[in-house]
């Protein structure tokens, strides 16, 4: 009982101190800036590969899907350049080099392989814009598929033929 009484006295001595305590406060802002941004996040495979080519056979086609992500509401346009060997092939505006020859091919925006669906690009190293859109934000990925066609009838030396085309997201 004496212990309980002593505890009550000690607490009673501190209660006025707690009641008399003062406080001070302030508010502060929290902020962040989200910049317009696009990032290419694929392809996993970086080659649009036509496979084995037989000049006497049929035309070959191939495609490559390229994924990218833009911040929400960011408008974008995609360009492809004409490649490293533009205009040197027997057909198409682009060409792959190998074996001392050039193997012409073309890149399209869809599988119709129609002249009006050729990805713009020019032989002076400039780029042509064909596809545009706006970033949807969140976890949504924008995707552009590039379709290629390698026409038959190009009699070139046996070799591995390659070209490098630049894919650029402008925003």
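Just so it is clear, none of the values below were taken in a lab; they were calculated from the coordinates. The structure displayed is predicted, hence computed values, not measured ones. Cβ placement follows ideal geometry from the backbone for every residue including glycine, while neighbour counts extend to all protein chains displayed.
Side notes on the structure shown:
- From least to most packed, judged by other beta carbons within 10 angstrom and beginning with the fewest, 156, 30 follow the order 30, 156.
- Spatially, region 143-170 and region 79-109 are offset by 6 Å when compared through their Cα centroids.
- Ranked list, fewest to most other Cβ atoms within 10 Å of each Cβ, for 168, 34: 34, 168
- Legend: ranking of residues 66, 41 from fewest to most surrounding C-beta atoms inside 10 Å; resulting order 41, 66.
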